[in-house]
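Down below is the structure, laid out as structure tokens.
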Protein chains: 2
Amino acid sequence: MSQIETYITEHQSQFVEDLKAWLRIPSISTSPEHTGDVLRAAEYAVEQLKRLGISHAELIKTQGHPLVYGEWLEAGDKPTLLIYGHYDVQPVDPIELWENAPFEPTIRNGNIYSRGAADDKGQVMLVLKALETLFQVNGTLPINVKILIEGEEEAGGESIEKYIKTYPERLGCDAAFICDTHMPSPETPALITGLRGIIYTEVTVHGAKQDLHSGTYGGVAPNPLHALSIIISRLKDADGHIHIPGLYDKLRKPDHEEKEFWHRDPLHMNEAYLKEMGVSQLSGELEYPPLERASARPTLEVHGIVGGFTGEGAKTVIPAVAKAKISLRLPPDLKSKEVFTLFEQAVKEATPAGVRVEVANLHGGEGVLVSPESQVMRAASEALSEVYGTAPVHLREGGSVPIAALFDEVLNVPVLLMGFGLPDDNLHAPNEKYSLQQFFNGIRTVTSLLQKMASN
Amino acid sequence: MSQIETYITEHQSQFVEDLKAWLRIPSISTSPEHTGDVLRAAEYAVEQLKRLGISHAELIKTQGHPLVYGEWLEAGDKPTLLIYGHYDVQPVDPIELWENAPFEPTIRNGNIYSRGAADDKGQVMLVLKALETLFQVNGTLPINVKILIEGEEEAGGESIEKYIKTYPERLGCDAAFICDTHMPSPETPALITGLRGIIYTEVTVHGAKQDLHSGTYGGVAPNPLHALSIIISRLKDADGHIHIPGLYDKLRKPDHEEKEFWHRDPLHMNEAYLKEMGVSQLSGELEYPPLERASARPTLEVHGIVGGFTGEGAKTVIPAVAKAKISLRLPPDLKSKEVFTLFEQAVKEATPAGVRVEVANLHGGEGVLVSPESQVMRAASEALSEVYGTAPVHLREGGSVPIAALFDEVLNVPVLLMGFGLPDDNLHAPNEKYSLQQFFNGIRTVTSLLQKMASN
């Protein structure tokens, strides 16, 4: 370890420079005008893989953005670890709230600020730098690795899903490692034991055949924005209860240990949430502990409403059409397709007379529960204990990493969800950042993980 | 009348050419790059006034676009009529839906198509051509006239409001005539007996201190878009009832005659609304007749909601802030300031726990009720009967013409709201048009009106 520690310490600035160069590429996967940038970010990853010693590295074309794939299989009968990450990033608006330009990575107070710093380029780069360190120090890797980095994680992830389902044998492995999660604090390492699934929908309400003037038609005209408000308020009440008949029926009760953990709240998430959000009280289902609400309960959120006049000042239009983007987060017991059917039905029942509604399923993904007993989870637990001086807590995350469910179901291997993000990393928000200390500790942890997997 | 009719018939093409020349000037008052065009349209009006015989005509400078003013006061002790119109027009987007270029007036099927054709250049021009006809045939006018044409009607109308309040004595008159309304069909002349007032507000809901990721915070985060939906659904229910305590208290019951008219619906507005909007049923308070709902009941409409992610595809953001533009149309008994206070209170009471709300009053204007018994209304009724062969119906319009309330309150004179637009004139929309038959009938009606005012 001492040689490894020396290599990491001596190459810190180079590691950060390589990350910065990647962050400068605005690989926003949902934005057609950034298609070229997304490709550049993929090519940069291939280049990195080749430079660090993964001789077989390539771009895999898809119907969308390319996959980056690399493999090094010279460790004989040692285990094979499939490593996953994504090189695409979220859009940057509202851009005026950024303290530095989102694609000009800037270091302040030990953090690197940039879109994608934490989600997920920083976390992918630390894995690559761990591999580089092992190659440079030992001339080899302790285990076999396959690396798969996608460019559509923020845009539905259709291409990787298709690829995994089409070529499961090419991705054959003993365990899959997803480095796209976070830990509760820099002192509290975590392994993720559960993720929520998601359905992301667009609800479109149609009123009159054209926009109307409220002076002439106010009182007799259907107003799609008003109808949407009614629909949304009927789908979820002010106390956070979702009114979709059948939704809660298939929800299994969590086991005693998890329940006790959520109620005890040893990580003081109640206070943490209040502070991170800058609010005086939490919202949602007050009869459940905050940690359970944010990680293991179904949620329904409105992400955007489009329709009518949204400029400065006043225009008295009654729009012909209005749309809302609405998602549900789903504990692993709830399957996305079944929930979409229930949701669509509930929207139709909640729609007032006089308007017509359409419900589109933009994308969905399944949640997953991970056993802490697998070999890879034990190795990760030991590696984290070694680097952080304390054993990791087992947590569910409220977000959705549909790829985890795919690895679980299609490849049928244990999944390791270990990441080094922090709660205040501003994912999907202005001023996204990544802690450099976490970046370096991540490199240390991953070198250790691979070594422990080899010796077990 | 025969000489007048001869003059009108012989000069039809010149009248239309003079209107076309005015319509070619793109006097869009809300658009800074058209400031020069707005001025040119004002200068054209001054030129027209001088040419037709109004020797005193001038531009009045304001902090915004100029007022056009003219007066001819040589009719001794005959009444003085103040004539109002506006020379500015709405923007033209979406321009791709126009069949001819919006500022290249084109005649098709007896209509002149152009932005401003009906709102309001065509209606102002017919008044000017009526004055010209009287001057040319009689060498004089039968009554005194003052003419005031503004250039900010589509942009808030602040300058004219200030001018009227500052110089009420200059505008002293016996009656005010606003030529900016329409009639139900070419066979059904109308006099407007009521207009609704308006408050236009912006409701802003604040949640967390920054945008949040629904995976991490869904279940504990306040969602301003969800809160706005709840607020809006609580302010107005699916049956069109507004839940603002006190709002309906000051609403006077309409008199028996109006009630009977609305119920009888002799103009078949029920069917007309269905057809114009392309819907299978009307929305709103079903216990009131459509005509009453659209012209004499208070309404609450959402015109736009801003917040969160509104692009293509999916983004799982919980926005920190969301805004809604909401207006109320107010029957004349309800005063805009008082209603804003009630509205603000109701919004606060409707706001769910966990978010903070602000309510801004963007602008307001009063409604007006006009007595059909005034001398000018009687003269107008006779003039319309003469030209159209049938007595005018008395209608309220649901829109807001704040200048009418100003003339009523500040000048304290009877207001005549008589216009020659038609329901399918596409005001504020692509392919705005004005019927040439209505244009010529308008000239005939106004010459008759002035003569009748002189002899009463």
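The values are calculated or read from the model by the stated rules, or taken from the named source; none is laboratory data. The shown structure was predicted, so the numbers you read here are calculated from the model rather than taken from an experiment. Virtual Cβ from ideal backbone geometry, glycine too; neighbours counted across all protein chains shown.
Which condition number does A:Val413 fail, the rest of (1) within 25 Å of A:Phe135 (Cα to Cα); (2) more than 16 Å from the chain's Cα centre (by Cα) being met?
Status for A:Val413: all satisfied but (1).
Among the residues of the stretch A:323-343, which ones are polar (S, T, N, Q) and within 13 Å of chain B (Cβ to nearest Cβ)?
Matches in the stretch A:323-343: A:Ser327 only.
Taking the stretch A:215-227 on its own, how many of its residues are under 16 Å from A:Val321 (Cβ atoms) and within 7 Å of another protein chain (Cβ to nearest Cβ)?
6
Kindly indicate whether A:Glu104 is among the acidic types (Asp, Glu), surrounded by fewer than 23 Cβ atoms within 10 Å (Cβ to Cβ), part of a helix (DSSP H, G or I) and away from chain B (no Cβ under 14 Å).
No.
Of the residues B:Thr193, B:Thr181, B:Thr133, which single one is buried (at least 17 other Cβ atoms within 10 Å of the Cβ) and under 30 Å from A:Glu312 (Cβ atoms)?
Criteria check complete, one pass: B:Thr181.
In the stretch A:212-250, what residues are of a type in the set (Phe, Trp, Tyr) and assigned to a helix (DSSP H, G or I)?
A:Tyr217
From B:Ala294, B:Ala320, B:Ala346, B:Ala350, grab the single residue that is within 7 Å of chain A (Cβ to nearest Cβ) and either out of contact with any strand residue (DSSP E or B) (no Cβ under 8 Å at 6 or more places or on another chain) or crowded, with 22+ Cβ neighbours inside 10 Å (or both).
B:Ala294
Go over the candidates B:Asp239, B:Asp265, B:Asp249 one by one and state the one that is closer than 17 Å to B:Pro290 by Cβ and loosely packed, with under 15 Cβ neighbours inside 10 Å.
It is B:Asp239.
Please count how many residues of the stretch A:320-344 are at pLDDT 95 or above and either touching a Leu at 6+ places or on another chain (Cβ under 7 Å) or in the same structural domain as A:Pro402 (by TED's automatic domain parsing) (or both).
10
Only residues that are part of a strand (DSSP E or B) and away from chain A (no Cβ under 14 Å): list them for the stretch B:365-419, please.
Those that are part of a strand (DSSP E or B) and away from chain A (no Cβ under 14 Å): B:Leu369, B:Val393, B:His394, B:Val415, B:Leu416.
For the subset of the stretch B:196-205 comprising residues that are outside any loop (DSSP other than H, G, I, E, B) and within 16 Å of the chain's Cα centre (by Cα), which member is surrounded by the fewest Cβ atoms within 10 Å (Cβ to Cβ)?
B:Tyr200
Kindly list, by first and then second residue, each pair from a residue in the stretch A:59-75 that is more than 19 Å from A:Val127 (Cβ to Cβ) to a residue that is surrounded by fewer than 21 Cβ atoms within 10 Å (Cβ to Cβ) and among the aromatic types (Phe, Trp, Tyr), limited to pairs with Cβ atoms under 9 Å and residues at least 6 apart or on different chains.
From the stretch A:59-75, the pairs are A:Thr62/A:Tyr163.
All but one of (1) modelled with pLDDT of 95 or more; (2) within 11 Å of chain A (Cβ to nearest Cβ) hold for B:Thr310, so report the exception by its number.
Answer for B:Thr310: the failing condition is (1).
If I ask for residues that are more than 7 Å from chain A (Cβ to nearest Cβ) and either out of contact with any Leu (no Cβ under 6 Å at 6 or more places or on another chain) or not hydrophobic (A, V, I, L, M, F, W, C) (or both), which ones from the stretch B:297-306 would you list?
B:Pro298
Return the residue satisfying two criteria in turn: it lies in the stretch B:243-282 and is among the aromatic types (Phe, Trp, Tyr) and under 25 Å from A:Ala353 (Cα atoms), and of such residues it is nearest to the other protein chains (Cβ to nearest Cβ).
B:Tyr273
Among the listed residues B:Ala296, B:Ala227, B:Ala320, B:Ala238, which satisfies the condition of being touching a Ser or Thr at 6+ places or on another chain (Cβ under 7 Å) and of a type in the set (Gly, Ala, Ser)?
Result of the check over B:Ala296, B:Ala227, B:Ala320, B:Ala238: B:Ala227.
So, of the residues in the stretch B:353-363 that are β-branched (Val, Ile, Thr) and within 14 Å of another protein chain (Cβ to nearest Cβ), which turns out to be surrounded by the most Cβ atoms within 10 Å (Cβ to Cβ)?
Only one residue tops the list, namely B:Val355.
Please go through the stretch A:149-181 and give me each residue that is within 28 Å of A:Ile443 (Cα to Cα) and without any contact (Cβ under 8 Å) to a residue 40 or more places away in the chain, ordered by number.
The answer is A:Arg170, and nothing else.
Which numbered condition in (1) modelled with pLDDT under 95; (2) within 8 Å of another protein chain (Cβ to nearest Cβ); (3) on the phi < 0 side of the Ramachandran plot is the only one that A:Glu285 fails?
All conditions are met except number (1).
Just give me the residues in the stretch A:85-101 being surrounded by fewer than 24 Cβ atoms within 10 Å (Cβ to Cβ) and outside any loop (DSSP other than H, G, I, E, B), in sequence order.
Within the stretch A:85-101, A:Ile95, A:Glu96, A:Leu97 qualify.
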